[in-house]
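The values are calculated or read from the model by the stated rules, or taken from the named source; none is laboratory data. From a predicted model like this one, the values you see are computed outputs, not experimental measurements. Methodologically, a virtual Cβ is constructed for each residue, glycine included, from the backbone with ideal geometry; neighbour enumeration extends over all protein chains shown. Just the protein is used for accessible areas: all its heavy atoms, side chains included, with ligands, DNA and RNA removed. Shrake-Rupley method; radii C 1.70, N 1.55, O 1.52, S 1.80 Å.
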Amino acid sequence: MPDVSLDEFAGEVTAFFNANAKLKMAEDKPFVWGEGEDDIGLFEEVDRDKEQVELKEAQEWRAKRYDAGLGWITGPKEYGGRDLSAAHERVYAGIEGRYEIPNQQFFGIGLGTVAPTILAHAQPQVREKYLAKMYRGDIVGCQLFSEPGAGSDLASLQTRAVRDGDEWLITGQKVWTSGAQYSDIGEVICRTDPDLPKHAGLTGFVVDMRAPGVEIRPLRQMTGGASFNEVFFNEVRVPDDHRLGDVNQGWTVALTTLMNERASIGAGGVGGGSGLASGTRLIEMLRHFGLDQDPVYRQDLMKLYVGYQVAKYTNQRAMDRIKSGQLPGPEMSIAKLALTQNMWNTAQFVARVLGPRIIADTGEWGTFSWNGFVLGIPGMRIAGGSDEVMRNIVAERVLGMPKDPGIDSKSPFKDLKVGTQTSD
Ligand SMILES: Cc1cc2nc3c(=O)[nH]c(=O)nc-3n(C[C@H](O)[C@H](O)[C@H](O)COP(=O)(O)OP(=O)(O)OC[C@H]3O[C@@H](n4cnc5c(N)ncnc54)[C@H](O)[C@@H]3O)c2cc1C
């Protein structure tokens, strides 16, 4: 049993926030159409200089939070966590949502996917070396899985790790690596034995993103920003103690990361602050454009509201399982699908209300800003497992349908015709 009751903890967290942050305007003021924040884009669109400034602010906040004993609420004490329950974490999140804090998206991947994998699969000295620093914000992590020829079918990856004494030499190319440009470490999955079937010859490592031989090149997305990258490895040296799990057991390591990724994407929800999940922004939009008495728009608005509410409670149930120590299961695929489906339905609804205003920027508040949301949705539908792949998972694991026939998981990897593979 945790040694701090939920009420005591809420008092502690509130005192911390009152001493260190300002209450959000929304706390005293209801949402008013035309006033306040008008950024509802799904991806960060800041230039690299501004990004550095925001990163520093984010890190300072994270350090303050950690030093107050609130940086890793559910984590084990031996690695710097507080060892409290999922319910304590929810109390924290509920209170945090009422205060203005620096943008924390820099830590989404590192803490949402890489750190849980380090905790589950790294050697004790590597856990000690990185976990507390990651939760304190001193170190930012990224996830180096996808390659030009390996996305949905991740086990087709070709980046190689070759053993050299107490080290490994990593060579190959990763792609779509979010946040690589400001990350200190990365979780990378490499092929260590091409003679084994594709899922069997993989190994995971924690790699230093500033090591010689790591080259990071930005990729620009259609929304204008460049939040992800290509990453090239040219004989990058990684100590053997930075291996995640056993040699050739990297598939299990990757699955831990992917499950946590789905959990963190699903749990992230969308647009709570801008009133999407609560419907406020959408209700006010209908009012503003004189459509609030239109029965078809009203009905569609309620469908959206119900969709967000169902997703919220499904996520909460799944998150409770995870935080009580169980591995997230196929329900996280449902959560991710629900999230992107809700976004897609919202985009369709908003496009009908706004018409051409969503394409041409007239400077009118609350209109063109939706462009960043609509154009960001395809990325959301692909990232962390595409909608189609999520449907396959639900079909196979929840509905018990036959397995997708596409993947050869028996032949040695070197005998498969994968991209431009050169495995010998
Ligand atoms: C915003 C964003 C951030 C990302 N960040 C990262 C990151 O930080 N690190 C990282 O490693 N990767 C990242 N990715 C990459 C992401 O994991 C891949 O894009 C994703 O796995 C899909 O792979 P792919 O792009 O190669 O598409 P493909 O796998 O080639 O898929 C192409 C199309 O085929 C469909 N398809 C594929 N297989 C099947 C199947 N079996 N059944 C039915 N349909 C199928 C897909 O749904 C898709 O429509 C990111 C992607 C995005 C969009």
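Overview of results
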| quantity | calculated |
| --- | --- |
| DSSP-defined antiparallel bridges as percent of all bridges, the chain, nearest 5 | 85 |
| Cα-centred dipole magnitude for the stretch 73-212, charges only on beta-carbon of K, R (+1) and D, E (-1), debye, nearest 20 | 220 |
| Sum of -39500 (n - 2.57) over DSSP H runs of 4+, divided by residues of the chain (222 nm, nearest 500) | -13000 deg cm²/dmol |
| Angle in degrees between helix 86-96 and the longest Cα principal axis of the chain, rounded to the nearest 10 | 50 |
| Sites ALA15 and ASN103 - FRET efficiency at Förster radius 41 Å, r taken between beta-carbons, to 0.05 | 0.95 |
| Cα radius of gyration and Dmax for the chain (Å) | 22.4, 73 |
| Cα-centred dipole magnitude for the chain, charges only on beta-carbon of K, R (+1) and D, E (-1), debye, nearest 20 | 780 |
| Residues ARG391 and TYR313, FRET efficiency given R0 of 35 Å [Cβ-Cβ distance, rounded to 0.05] | 0.95 |
| Mean Cβ count within 10 Å, highest first, over the residues of peptides 386-394, 195-203 | 195-203, 386-394 |
| Exceeding the 28 Å Cα-Cα cut-off - candidates LYS56/LYS336; LYS312/LYS410; LYS24/LYS64; LYS22/LYS56 | LYS56/LYS336; LYS312/LYS410 |
| Selection from VAL214, ALA15, ALA318 lying farthest towards where the dipole of the chain points positive, charges on Cβ | ALA318 |
| Within the accessible area of the chain (1.4 Å probe), percent carbon and sulfur | 54 |
| Packing-based order for 375-381, 406-412, 104-110, using average beta carbon neighbours within 10 Å, highest first | 104-110, 375-381, 406-412 |
| Sites LYS22 and ASP294, calculated FRET efficiency, Cβ-Cβ separation with R0 35 Å, nearest 0.05 | 0.35 |
| Label-point separation in nm, ASN234 to ILE407, each point 7 Å along Cα→Cβ | 3.3 |
| Degrees between helix 250-268 axis and first principal axis of the chain (Cα, 0 to 90, nearest 10) | 10 |
| Shape metrics for the stretch 26-103, restricted to C-alpha atoms - Rg then Dmax, Å | 16.0, 49 |
| Accessible area expressed per residue, the chain, with surrounding protein chains retained (probe 1.4 Å, Å²) | 48 |
| Gained length - VAL398 relative to GLU78, 0.36 nm times residue gap less alpha-carbon distance | 111.5 nm |
| Spatially proximal aspartates and glutamates relative to LYS414 (Cα-Cα < 13 Å; intrachain offsets below 8 disregarded) | ASP193, ASP195, ASP424 |
